[in-house]
Amino acid sequence: MCNLFCLGTYNGVAILTDDETGTYWDHITGQAVYGPLEGNRLDIWGLEMTTIATALVQEPGLKILRSYQRPVFRRLLGLAQWMFGQTGFLPKLFTQTMAPEDPRLPRMTIGLGVVVNETARFYPAMAIQGGVTDELENQQLQVTRNQADGILQATWKDGTRPLQYFLRWYGFARKFPNCSIYTGNSQA
């Protein structure tokens, strides 16, 4: 069995490596970007964000596992999250691996990226108040905020969910450079 673990960052997002071949994998697209399996792709699926409190309400019997982190590491991680999330500051060691930025939105804009086949669209959180209905790949897509935690989520008319990522603009735009942006009645 092959295990994947985070090696660092590249082009603004985490890069994974496997312990069997040493191949580097993009954690959003599943693409092998360097190593013996370069050009291959892993199966991918969306990871929906929520809070522990919301997850326990939705699934009362859910078991929550938490890995141990040294207190100093927890404090450093908290400081980094505050710096990145609140100020928009990204360290030079982080940004020097990044492709040029897409200027259509500020880099730290939070939102929901939806990917269907070869179509990718970003839904900025500020554009989604009570929810919107959009058409994507000739299907009706409902983008709403989870009432319990406020996090954006997308659902097809039949109740199934497309591949979706809750993330910042700079990460989504770099992975899907030809994506459109939901702006209300039209896409930019």
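Within the set Ala148, Ala173, the sole residue that is more than 30 Å from Gln58 (Cα to Cα), out of contact with any Gly (no Cβ under 8 Å at 6 or more places or on another chain) and surrounded by 12 or more Cβ atoms within 10 Å (Cβ to Cβ) turns out to be Ala173. Scanning the range 117-127 for residues that are within 26 Å of Gly8 (Cα to Cα) and of a type in the set (Gly, Ala, Ser) turns up at least one hit.
Applying the criterion of at least 1 residues that are without any contact (Cβ under 8 Å) to a residue 60 or more places away in the chain and aliphatic (A, V, I, L, M) to the strands (runs of 3 or more DSSP E) found wholly in the range 6-73 leaves 13-18, 32-34. If I filter the range 170-177 for residues that are more than 17 Å from the chain's Cα centre (by Cα) and not hydrophobic (A, V, I, L, M, F, W, C), do I get at least one hit? No: zero hits. Of the residues Thr9, Thr54, Thr29, which is under 23 Å from Gly113 (Cβ atoms), of a type in the set (S, T, N, Q) and modelled with pLDDT under 80? One residue alone meets the criteria, Thr9.
Yes/no per residue for (1) buried (at least 16 other Cβ atoms within 10 Å of the Cβ); (2) under 24 Å from Leu16 (Cβ atoms); (3) modelled with pLDDT under 70:
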residue	(1), (2), (3)
Arg74	no, yes, yes
Ala80	no, yes, yes
Phe89	no, no, yes
Ala120	yes, yes, no
Pro124	yes, no, no
Leu136	yes, no, no
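A single entry from Leu167, Leu163 fulfils the requirement of being under 19 Å from Ala14 (Cα atoms) and at pLDDT 90 or above: Leu163. Of everything listed in (1) under 18 Å from Ile15 (Cα atoms); (2) at pLDDT 90 or above, the single unmet condition for Leu42 is (2).
The values are calculated or read from the model by the stated rules, or taken from the named source; none is laboratory data. These figures come from a predicted structure and were not determined experimentally. Neighbour counts run over all protein chains shown; Cβ positions are idealised from the backbone, glycine included.
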